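To start, the structure itself, in structure tokens.
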Amino acid sequence: MATVHSNGWLIHDYREGDLAAVVHLIDTTAELGQESVYSLAECISALTSRQPAVVAVHQGVPIGAALAHVAGERAWVMRIAINSGWRGRGLASALLVELERRLIAAHVSKIAYVLPEEDLLGEGLLNAGYTRQPAVAYFEKTEPLHGPAAGVLDELGGRLLPGGLWAGVAGMEREKDLIERRVVLPLAEPERAAQHGVRPPRSIALFGPPGTGKTTFARAIASRLGWPFVELLPSRLADEGNLAAALRTAFARIAELERVLVFIDEVEEIAPVRTEPARPGGVHGVTNELLKLIPGFREGDERLLVCATNSIRSLDPAFLRPGRFDYLIPIGTPDEAARSAIWSRYTAGRPDVDVAALVAASEMFSPADIEHAARIAAQVSFERDLEWAGPRSGAPDRPGATTEDYLAAVAGGRPTVTPEALEEFEADISAHARA
């Protein structure tokens, strides 16, 4: 598993071939304030015994590493080593996030880091959710799920998401700001919200054209809150034979979780406008079942139901009443500022790429459309690099896709959202939006 960061580095699981480079990083950074209570020999032992570890690479050169030792339900972060030229650029936090993902997957309930004395890393650990315990410099982080709850989450196909998804949402600042104020902050600060008479939302619906980022926002909210994320797929529930019964069973299992964000995409499949007369075994029974389940779900203090639809006018009116959904939030196509932010992310802020030209060429493109175009351009650049590495190895270095590559990919694509769909969306905002 590997993660590419917008700053240009790639973080992957430790491999045997990384040993010499990681040992060199640990050894050469020990005098730079990147210390640990674990010796170099203990770190080597952990690496060779395949304990969780991740390595950051830039242009093929290892620039950072983080490793841990798992003992039962507790993990000890043994070392985070960063090349001196990459300090202060967010690499330590990125390594810690990726290492935590591996530890959570191993069902660790507490993550600890012991520093030999207070240093700059301590502030970073506090920012990452660790709590300083009464020891020399002992930081501990309790993960929200372990024991029986972890089993329930596995059964539901849910998981804890990486902690940086909210910050990673590029562009769409208007939607992000609205969701932050209306949804995230009241849930993250319930006591303060209660002082002002604000009731945190329990269920919201996101609506808008396909590919505009509704799923991305749902995942980012769960990441921001640190809550488990469970996606209920109507098609998968239907495979169980009785969709209404499958919904009832799923919500009964969800009720066993102390905190959770439940996401239902394309909710119009299970809550469409009801027509008369009802047909036996039809969608009426499914819609009625979901309508009965939502009030019980809303009784939990740390629960949020997020439903997404491409066509809010297709949903049954009873489903959208304020008592069932607190907010109906439109998620549209990105404006110029949002497209600029999204393109800047995919082009890694390279000055040789004309982002303004890409913004102008991609009007009406959704975030998913822009991502696809960026992927196609990157593939073209990659294949060209492979060609130059062969018989034309003397060709000049071309770092990544060019403006022309991106423009060609945009020209070869087709916006998911049509002018007609945008007109419908604007009408739906007037008729249904509630935020």
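The values are calculated or read from the model by the stated rules, or taken from the named source; none is laboratory data. Since the model is a prediction, treat every value here as computed from it, not as a measurement. Cβ: placed from backbone, ideal geometry, glycine included. Neighbour counts: every protein chain shown.
In the set Leu225, Leu243, which member is within 14 Å of Val306 (Cα to Cα) and either touching a residue at least 40 places away in the same chain (Cβ under 8 Å) or not acidic (Asp, Glu) (or both)?
Working: Leu243 fails: within 14 Å of Val306 (Cα to Cα).
Going through Leu225, Leu243 in turn, the sole match is Leu225.
If a residue counts only when it is modelled with pLDDT of 90 or more, within 20 Å of the chain's Cα centre (by Cα) and closer than 30 Å to Asp265 by Cβ, which helices (runs of 4 or more DSSP H) contained entirely in segment 120-205 have at least 2 such residues?
Qualifying helices (runs of 4 or more DSSP H): 173-179, 185-188.
Within segment 351-365, how many residues are part of a loop (DSSP other than H, G, I, E, B) and at negative phi? If you could, list the steps in order and put the result at the bottom.
If we filter segment 351-365 for residues that are part of a loop (DSSP other than H, G, I, E, B), which is where we start, we get 351-354, 362-365.
After this cut, where a residue has to be at negative phi as well, the list is 351-354, 362-363, 365.
Residues that pass the stated criteria total 7.
Just one of Asp428, Asp385 is under 21 Å from Trp9 (Cα atoms) and out of contact with any Pro (no Cβ under 6 Å at 6 or more places or on another chain); which is it?
Answer to the check: Asp385.
Listed residues Ala337, Ala252; which is surrounded by fewer than 21 Cβ atoms within 10 Å (Cβ to Cβ), free of Cβ contacts under 8 Å to residues at least 12 places away in the same chain and not in a loop (DSSP other than H, G, I, E, B)?
Only one candidate qualifies: Ala252.
Can you tell me which residue among Ile370, Ile342 is crowded, with 21+ Cβ neighbours inside 10 Å, of a type outside the set (Phe, Trp, Tyr) and either in the same structural domain as Gly171 (by TED's automatic domain parsing) or in contact with a Phe, Trp or Tyr (Cβ under 7 Å, 6 or more places away or on another chain) (or both)? Walk me through how you get there before you give the answer.
Values: Ile342 fails: either in the same structural domain as Gly171 (by TED's automatic domain parsing) or in contact with a Phe, Trp or Tyr (Cβ under 7 Å, 6 or more places away or on another chain) (or both).
Result of the check over Ile370, Ile342: Ile370.
What's the number of the only condition in (1) within 27 Å of Ser223 (Cβ to Cβ); (2) at pLDDT below 85; (3) polar (S, T, N, Q) that Gln59 fails to meet?
Result: Gln59 fails condition (1) only.
Table: residues versus (1) assigned by TED's automatic domain parsing to the domain that holds Ala167; (2) basic (Lys, Arg); (3) part of a helix (DSSP H, G or I).
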| position | (1), (2), (3) |
| --- | --- |
| Thr215 | yes, no, yes |
| Ala220 | yes, no, yes |
| Leu237 | yes, no, yes |
| Gly241 | yes, no, no |
| Glu256 | yes, no, no |
| Pro295 | yes, no, yes |
| Glu299 | yes, no, no |
| Arg313 | yes, yes, yes |
| Phe319 | yes, no, yes |
